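Notes for the one structure printed next.
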Amino acid sequence: MPSRANASASSSSAAKPARRARSGVGPVTPHLYVPTAARPVRAKLVPLRTDVHVVPHSHPWGQIAFSSTGVARLTVEHGTFIVPPSRALWVPPGVEHAVTVVEATELHTLYIHQPRGRCGPQVARTDEAAWRQCRVLEVSDLLRALALQMDTRPDGPGLRLSAEQRRRERRLADLVLDELRRAKPVRLGVDLPADKRLRTLCEAVLENPARHATLEAWARDSGASPRTVARLFRHQLNTSFAQWRQQVVLAKAVALAARKRPMSLIASELGYASASAFTAMVRRSVGMPPSRFFASVQSTTRE
């Protein structure tokens, strides 16, 4: 269970200036990157500034999203996922998702062709179940290098690929799909409820998990009793508020680590009275100290 945030953390967070309003934009020209059987992997690169929000949308193909710099948050109906440079998010075909930019990012998207009735990066039917839901994956150095070599030009009258360019793209695509099949899944998602009142509370915690230290304080903000909120967490998410908030804290910590914040500052921003208390929480949650848990995130973003 997270340690109690100190009073100064709560008061300082209340004194912070209001967050700049997010600007909503539509999906960025996905129709110009449609994957096909002939071109099964299409790559797109879009720079997005902080606080941009790409409104909910879906595609009939699979999608892998990762950032080369910065941090994005992708939200689906039942969960939200922090995507730092060392991780990628798989979004199955037909799943509505929205993108919120936490830190100005270059968002790389790989669209994956999905034959009718199939799901995943050309996996066997017996392995498709895991790919029919969103999952966070580790991004290997090879996968990153392959994605950066993919042609990101959109479809249009001016696009003409030579036979050699098509062969090269297909070879890269085959390796991308192979690396995706080998990628290790990582637990970085945060489940979200269907209940509107609880969803509002959860979104507030996601925005600033250090705002309050107790369920009672969060319940007051939502206008519900602590008992009601606790019951909703159990019924809607099959977990306690403390366990759910711990996942939020870990996801936020990953985003802060990707921005090269020192561990002491991460602990403070997340409402922990000391770095040692934060270290103890991370060790209990993931079985390793923060220095090791966040190492891949910080090494990936190191200049």
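No lab work stands behind these numbers, since they all come straight from the coordinates. From a predicted model like this one, the values you see are computed outputs, not experimental measurements. Don't worry about glycine lacking a Cβ; one is built from the backbone with ideal geometry, like all the others, and counts go over all protein chains shown.
Taking the C-alpha atoms only, the angle from helix 163-182 to the longest principal axis of the chain is near 30 degrees. Quick one: grab the alpha carbon gyration tensor of region 23-186, order the square roots of its eigenvalues as a ≥ b ≥ c, and give me rounded if a/c is under 1.5, else prolate or oblate depending on whether a/b is larger than b/c. Taking the square roots of the gyration eigenvalues as a ≥ b ≥ c, region 23-186 is rounded.
For region 160-238 versus region 78-107, the inter-centroid distance based on Cα atoms is 8 Å. How would you classify the chain from its alpha-carbon gyration tensor, with a ≥ b ≥ c the square roots of the eigenvalues: rounded for a/c under 1.5, else prolate if a/b is greater than b/c, otherwise oblate? Note, shape of the chain comes out prolate. Using a cutoff of 8 angstrom between alpha carbon atoms and counting only pairs six or more residues apart, the relative contact order for region 183-303 works out to 23 percent.
For the chain, the longest principal axis of the Cα atoms and the long axis of helix 196-207 meet at an angle of about 90 degrees.
3J(HN,Hα) couplings calculated from phi for region 108-115 with the Karplus curve 6.51 cos²θ - 1.76 cosθ + 1.60 (θ = phi - 60°) are, in sequence order, 9, 10, 10, 8, 10, 4, 10, x Hz; Gly and Pro show x. Distance between the pseudo-spin-label points of D151 and R187 (7 Å out from Cα toward the beta carbon): 4.3 nm. In terms of the mean number of neighbouring beta-carbon atoms within 10 Å, the peptides 239-246, 89-96 order highest first as 89-96, 239-246.
Take 36-45, 75-84 and order them by the average number of nearby Cβ atoms within 10 Å per residue, most first; the result is 75-84, 36-45.
If the segment from K260 to E96 were pulled out straight at 0.36 nm per residue, it would be longer than the present Cα-Cα gap by 55.9 nm. The mean sequence distance of close C-alpha pairs (under 8 Å, at least 6 residues apart), as a share of the length of region 23-186, puts its relative contact order at 26 percent.
Would you mind checking the tilt of helix 275-286 against the longest principal axis of the Cα atoms of the chain, expressed as 0 to 90 degrees and rounded to 10? Result, in degrees: 50.
3J(HN,Hα) along region 228-238: 5, 5, 4, 5, 5, 4, 5, 6, 7, 10, 6 Hz, from the Karplus curve 6.51 cos²θ - 1.76 cosθ + 1.60 with θ = phi - 60°, whole Hz, x for Gly and Pro. Rounded to the nearest 0.05, what FRET efficiency do N208 and M288 have when you use their Cβ-Cβ distance and R0 = 30 Å? Efficiency, from the Cβ-Cβ distance: 0.70.
Only Cα pairs under 8 Å and 6+ residues apart enter the sum, and on that basis the relative contact order of the chain stands at 22 percent.
Among A88, A213, A257, determine the one that fluctuates most according to a GNM of the chain built with springs between C-alpha atoms less than 10 Å apart. Maximum fluctuation in the GNM of the chain, among the listed residues, is at A213. Extending 7 Å from the Cα toward the beta-carbon at both D141 and R160 defines two label points whose distance is 3.9 nm. For the pair L45 and D221, a Förster radius of 45 Å applied to the C-beta separation gives a FRET efficiency near 0.70, rounded to the nearest 0.05.
Extension gain for the segment S240 to V25, taken as residue separation times 0.36 nm less the Cα-Cα distance, is 73.9 nm to one decimal.
Checking the a/c ratio against 1.5 first, then a/b against b/c, what shape does the Cα gyration tensor give for region 117-214? Prolate, since a/c reaches 1.5 and a/b exceeds b/c. Amide H to amide H distances under 5 Å link V139 with R87, A88, where only residues 5 or more positions off or on other chains count and H is placed in the peptide plane.
Approximating the spin labels as points 7 Å out from Cα along Cα→Cβ, the R167-to-A37 distance works out to 2.2 nm.
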